[in-house]
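The values are calculated or read from the model by the stated rules, or taken from the named source; none is laboratory data. Just so we're clear, the structure is a prediction, and the values are computed from it rather than from any experiment. All Cβ positions, glycine included, derive from the backbone under ideal geometry; neighbour counts span all protein chains shown.
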Amino acid sequence: MYHWIKIFENQTEFKNYIQPNTFVVFELKNQKICVTRNANGFFAVQDKCPHNGASLSKGFCSDKNEIICPLHRYAFNLKDGKATSGGGFALKTYPIQIQSNGVFIGIKAKWWET
């Protein structure tokens, strides 16, 4: 079960605000979430690098659909969050839903919230 939190009123507003290969950080339910878009779609991942805590929103996107940490250049797949270089770390990913009534990010509900 997810908490679906509206971040934009519509897809056009979403596309205009988040330019390709740039990042916007949202703080939702006490979690910093890094949102980006590229040729492969829209993605939302945790903003904090699991290796050393750097803000991934200060990194960059690769042409392999990865987010690259600005500190040690660890790379993570934007789709599933798995490390593609730098060790066995993984990012938390968040689903994005684009609906007629807005654009939403899903945050997994805690067991006591279900």
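Which members of segment 36-60 meet the condition of being hydroxyl-bearing (Ser, Thr, Tyr), assigned to a strand (DSSP E or B) and over 16 Å from residue 103 (Cα atoms)? Matches in segment 36-60: 55 only. Pairing each residue of segment 2-23 that is in contact (Cβ under 8 Å) with a residue 24 or more places away in the chain and farther than 12 Å from residue 102 by Cα with any residue that is among the hydrophobic types (A, V, I, L, M, F, W, C) and loosely packed, with under 13 Cβ neighbours inside 10 Å, provided the two are 6+ apart or on different chains, yields C-beta distances under 7 Å for 2/109; 3/109. Scanning segment 57-114 for residues that are within 12 Å of the chain's Cα centre (by Cα) and small (Gly, Ala, Ser), we see that the one that is nearest to residue 8 (Cα to Cα) is 106. Among the residues of segment 29-41, those identified as modelled with pLDDT of 95 or more and buried (at least 18 other Cβ atoms within 10 Å of the Cβ) are 33, 34, 35, 36. Only a single item in (1) touching a residue at least 12 places away in the same chain (Cβ under 8 Å); (2) outside any helix (DSSP H, G or I) is not met by residue 27, and it is number (1). Looking only at residues in segment 49-85 that are among the hydroxyl-bearing types (Ser, Thr, Tyr) and within 16 Å of residue 19 (Cα to Cα), the one that is surrounded by the most Cβ atoms within 10 Å (Cβ to Cβ) is 57.
The set of residues in segment 8-24 being out of contact with any Leu (no Cβ under 8 Å at 6 or more places or on another chain) and part of a strand (DSSP E or B) consists of 8, 24. Which residues, counting only those in segment 51-71, are more than 17 Å from residue 87 (Cα to Cα) and touching a Cys at 6+ places or on another chain (Cβ under 8 Å)? Scanning segment 51-71 gives 55, 57, 59. When restricted to residues that are in contact with an Asp or Glu (Cβ under 9 Å, 6 or more places away or on another chain) and either of a type in the set (Lys, Arg) or surrounded by 12 or more Cβ atoms within 10 Å (Cβ to Cβ) (or both), segment 1-25 contains 3. Filtered by the rule that a residue be of a type in the set (Lys, Arg), outside any strand (DSSP E or B) and either out of contact with any Gly (no Cβ under 7 Å at 6 or more places or on another chain) or over 16 Å from residue 46 (Cα atoms) (or both), segment 74-114 gives 79, 110.
Filter segment 59-114 down to the residues that are among the hydrophobic types (A, V, I, L, M, F, W, C) and free of Cβ contacts under 8 Å to residues at least 24 places away in the same chain and list them by number.
Listed by number, the residues that qualify are 68, 69, 71, 75, 83, 111, 112.
Screening segment 86-113 for residues that are surrounded by 14 or more Cβ atoms within 10 Å (Cβ to Cβ) and farther than 18 Å from residue 34 by Cα and picking the one that is modelled with the lowest pLDDT gives 86.
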